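First comes the structure, then the notes that go with it.
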Amino acid sequence: MSVATSEQQVVDGVPKQLLIGGEWRDGTGGETLSVEDPATGESLCEVADGTPDDAVAALAAAADAQDEWAAHPPRERGEILRRAFEAITERTDELALLMTLEMGKTIKESKAEIAYASEFFRWFAEEAVRITGRYGVAPNGAGRLLTMKQPVGPCVLITPWNFPMAMGTRKIGPAIAAGCTMVMKPAKQTPLSMLALAEILAEAGLPGGVLNVVTSSSSGSVMGPLIEDQRARKLSFTGSTEVGRKLMEQASSQVLKVSMELGGNAPFIVFDDADVDDAVEGALIAKMRNIGEACTAANRFHVAGGVADEFAGKMAERLGAMKVGRGTEDGVDVGPLIDDDQRGKVADLVDDAVGKGAKALVGGRSVDGAGYFYEPTVLGDVPDDANLLREEIFGPVAPVATFGSEDEAVAAANDTEYGLVAYLYTSDFKRALRVCERLETGMVGLNQGMVSNPAAPFGGVKQSGFGREGGSEGIEEYLETKYVAVNL
Ligand code: NAP
């Protein structure tokens, strides 16, 4: 990929075809799918619209490459990741522009995602050479117990549109490090970042067939046959709980090893002993990062009665001062939502809450004109039966509800089928640990509004899924444990 600056050059510089067995090719159906700029609603370009036959060819290429890739020295697998990390870092400006064009977030946020995404490659480059087994003496002293870690085999990877590169690198990084081949299907709204990433990995020396990329407008019919194909050994999915549930059913036919990173409904709890200004700073990150379109987004604010008005007032002031606009423009804080459907869902949730008695302290409406913009919104006095306390909002809307006691706060936080992350602000150390233990989530942000870190295990409990991405746990998802009973 050559260095490019203008929007059109950046879009033109990305491959638009499917990557199968190390070759870029058109879909067998000859169709293309349009990629839109959500800030204008206009088409940026067309990419290949893969068919089920293309997907099966991609899995065949992955299966063919598996044995050779598993035998590749771990040091070399790590060095490919390390070179890709460096290339992504060098090309941050153009990759950030590309991401902003297809997804909408500001350039600053795209750069932050690219740094986060590339760090998974650096982390797993370091993990590739640390895959070990165990050797032990059997308790009766007679035999030896040997365990070895081996790559799972060809993986089917499916990612969403909200973090077009990071959701990919945190699957591709450990898969490469572990010695697995793969078929990756990015979301149809944001395929360009993944196609650019695949080209970078090829340039970094990744052999053909290890990573295959299929873009498609009909994800169900294209991915179904792969999930049910016995050559696939692993499914790793990031997306909605609704789709995850369907994929788990399909994966049961081959008893695939499965990882699921699903939806969230994160509570953000502020106790009356917290520093309210710190809590507001954390809340701005937890709520407004990625335009509120993050599985980790604070979905509902549970604030102690004594400080709720102060907290809500300060949030309204800060959100009201944010500039909404195209993410490529200077000074813009909040980009558009991904499409009109998503904006419609956000608007319906706000209308429902206001209809039930919530007060819009700031915002509360769609922005007229081109693109899918929605005003940053703070809702006060949100009643318990408002739908947005239960459903994932995925937009720049902060509902504030109040609580009396610690028990009430914990009960409200856990009153959801989701369990990805919770945020907690308090200056009382004992309370902090007590509440962390009681929260039914896979992650907790303690006096901080962001938990994502490539060196930490990211993942949820309850209907937010299972499996962990990142940390030393992340590579385990791509390894099998084999036990050898040794007779001496
Ligand atoms: P989605 O509708 O579930 O789609 C996710 C991916 O699955 C896309 O690539 C989509 O393809 C594909 N897909 C949809 N139906 C499919 C099917 N029947 N078979 C195979 N693939 C299928 O989710 P989204 O709207 O893109 O993303 C938002 C959701 O992701 C939110 O719920 C968010 O919380 C969750 N998320 C979770 C995490 C986490 O780590 N827990 C991280 C980020 C996002 P097409 O779009 O091309 O149809």
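Only the coordinates and a few stated rules stand behind these numbers; no lab work does. Model, not experiment: these values are computed from the prediction. For neighbour counting, all protein chains shown are included, and Cβ atoms are generated from backbone atoms with ideal geometry for every residue, glycine included.
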### Query
When we measure straight from the Cα of Lys359, which aspartates and glutamates land under 16 angstrom away, once same-chain ones fewer than 8 places off are left out?
Asp309, Glu310, Glu317, Asp348, Asp351, Glu375, Asp381, Asp384, Asp385
### Message
How compact is the chain by the rule of thumb for globular proteins, expressed as Cα Rg over 2.2 N^0.38 Å?
### Response
1.00
### Task
Mind giving me the FRET efficiency for Glu437 and Glu203? R0 is 41 Å, r the Cβ-Cβ distance, nearest 0.05 is fine.
0.30
### Message
Cut-off is 10 Å between beta-carbons; in what order do Val444, Val334 appear when sorted fewest neighbours first?
### Response
Val444, Val334
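Taking neighbour Cβ counts within 10 Å as the exposure measure, how do Glu391, Glu469, Glu90 sort from fewest upward?
Numbers: Glu391 17, Glu469 26, Glu90 13.
Ordered from fewest to most neighbouring Cβ atoms within 10 Å, Glu391, Glu469, Glu90 come out as Glu90, Glu391, Glu469.
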#### Entry: Positive-end extreme of charge dipole, the chain - chosen from Thr377, Ala297, Ala57 (charges on Cβ)
Ala57
### Cross-link partners of Lys188 among aspartates and glutamates (Cα-Cα below 13 Å; sequence separation of 8 or more within a chain)
Glu36, Asp37, Glu46, Asp49, Glu102, Asp339
#### Entry: Approximate spin-label separation Ser252-Asp330, in nm, with each point projected 7 Å along Cα-to-Cβ
5.8 nm
### Message
Using 10 Å bins from zero, what percent of all Cα-Cα pairs in the stretch 180-339 falls into each bin?
### Response
9, 26, 26, 21, 15, 3, 0
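At 0.36 nm per residue, and after removing the present C-alpha to C-alpha distance, how many nm does the segment from Ala138 to Gln448 gain when stretched out fully? Write out the running numbers ahead of the final one.
Working: separation 310, 0.36 × 310 = 111.60 nm, distance 4.61 nm.
In short, 107.0 nm is gained.
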### Message
Based on alpha-carbon centroids, what's the gap between the stretch 37-78 and the stretch 376-411 in Å, whole number please?
### Response
40 Å
### Task
Could you line up Ile88, Ile285 from fewest to most neighbouring Cβ atoms inside 10 Å?
Ile285, Ile88
### Query
Translational D (Stokes-Einstein, µm²/s) of the stretch 222-261 at 4 °C and 1.567 mPa s when Rh comes from the Kirkwood sum over C-alpha pairs?
130 µm²/s
### Query
Among residues other than Leu256 whose Cβ falls under 14 Å from its Cβ, what is the net charge (Lys/Arg +1, Asp/Glu -1)?
0
## Note on the structure
Within the stretch 104-131, the residues whose backbone N lies under 18 Å from a label point placed 7 Å from the Cα of Leu146 along the Cα-to-Cβ direction are 131
### Query
How far is it, in nm, from the label point at Glu281 to the one at Gln8 when both lie 7 Å from their Cα along the line to the Cβ?
4.4 nm
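Taking the Cβ of Cys295 as the centre, find all other residues whose Cβ is under 12 Å away and add up their charges (Lys, Arg: +1; Asp, Glu: -1). Intermediate results must be reported in sequence, preceding the final value.
On the way: positive: Arg289; negative: Glu261, Glu293, Glu392, Glu469.
In short, -3.
A 30 angstrom limit on the alpha carbon distance is what I want to check against. Which of Lys108/Lys149; Lys171/Lys287; Lys171/Lys356; Lys323/Lys345; Lys16/Lys287; Lys16/Lys482 exceed it? Write down the numbers at each step before the final one.
Numbers: Lys108/Lys149 40 Å; Lys171/Lys287 25 Å; Lys171/Lys356 42 Å; Lys323/Lys345 22 Å; Lys16/Lys287 34 Å; Lys16/Lys482 40 Å.
Cα-Cα > 30 Å for Lys108/Lys149; Lys171/Lys356; Lys16/Lys287; Lys16/Lys482; rest within.
Could you calculate, for the stretch 304-379, the ratio of the Cα radius of gyration to the Kirkwood radius, expressed as Rg to Rh? Each step should come with its number before you reach the end.
On the way: Rg = 13.6 Å, Rh = 13.4 Å.
Radius of gyration over Kirkwood radius for the stretch 304-379 works out to 1.01.
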### Query
Once you put a point 7 Å from the Cα of Ser218 and another 7 Å from the Cα of Phe429, both along the Cβ direction, what distance in nm separates them?
6.1 nm
### Query
Hey, with R₀ at 60 Å, roughly what FRET efficiency would Val129 and Asp407 work out to, going by the Cβ-Cβ distance, to 0.05?
0.80
### Query
How large are Rg and Dmax for the stretch 404-456 when only the alpha carbon atoms are used, in Å?
11.2, 36
### Partner aspartates and glutamates for Lys462 [C-alpha distance under 20 Å; skip if fewer than 8 residues away on the same chain]
Glu242, Glu249, Glu261, Glu391, Glu392, Asp415, Glu417, Glu437, Glu440, Glu473, Glu477
### Query
Can you give me the Cα centroid spacing of the stretch 210-288 and the stretch 123-178 in angstrom?
19 Å
### Cα convex hull of the stretch 164-225 - mean projected area over all directions, nm²
4.3 nm²
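Taking each pair of distinct Cα atoms in the stretch 1-82 once, what is the resulting Kirkwood hydrodynamic radius in Å?
Over the stretch 1-82, the inverse of the mean reciprocal pair distance is 15.4 Å.
Among residues other than Glu473 whose Cβ falls under 14 Å from its Cβ, what is the net charge (Lys/Arg +1, Asp/Glu -1)?
Details: positive: Arg130, Lys149, Arg170, Lys171, Arg468; negative: Glu127, Glu261, Glu469, Glu476, Glu477.
Charge balance near Glu473 sits at 0.
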### Message
Helix-only mean residue ellipticity at 222 nm, the chain, DSSP H runs n ≥ 4 weighted -39,500 (n - 2.57), per residue, nearest 500. What is it?
### Response
-12000 deg cm²/dmol
### Message
How large is the convex hull of the C-alpha atoms of the stretch 95-153 per residue, in Å³?
### Response
127 Å³
